[in-house]
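The structure appears right after this line, and notes come after that.
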Amino acid sequence: ARKEADLIVSEAELKAERIVADSERQLGELKARIEDVRRQKIQFEMSLKALLDSFARQLSGDEPV
């Protein structure tokens, strides 16, 4: 019975280690995706600002249409 209990505990520990490793991998992927979305947001904001600046210059007559 002791051997069987030790085997069950060992299997549970291995399963827990796999779960932790998988969770850490998923966390790394999510952090990378978040960073990518942040970069996209910055690029979008810069593009939108450039477009709005261009429209503002056109409206003020500083830039040909």
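The values are calculated or read from the model by the stated rules, or taken from the named source; none is laboratory data. Bear in mind that the values here come from a model prediction, so they are computed numbers and not experimental data. Positions of Cβ are backbone-derived with ideal geometry, glycine not excepted, and every protein chain shown enters the neighbour counts. Ligands, DNA and RNA are stripped out before the accessible areas are found, and what is left, the full protein with its side chains, is counted by its heavy atoms. Shrake-Rupley method; radii C 1.70, N 1.55, O 1.52, S 1.80 Å.
Close contacts from the stretch 37-64, counting a first residue that is at negative phi and a second that is at pLDDT below 95 and of a type in the set (Asp, Glu), with Cβ to Cβ under 7 Å and a gap of 6+ residues or different chains, come to Ser54/Glu63; Arg57/Glu63.
If we scan the stretch 21-29, do we find a residue that is in contact with an Asp or Glu (Cβ under 8 Å, 6 or more places away or on another chain) and open to solvent by 90 Å² or more (accessible area, probe 1.4 Å)? Checked the stretch 21-29: no residue is in contact with an Asp or Glu (Cβ under 8 Å, 6 or more places away or on another chain) and open to solvent by 90 Å² or more (accessible area, probe 1.4 Å).
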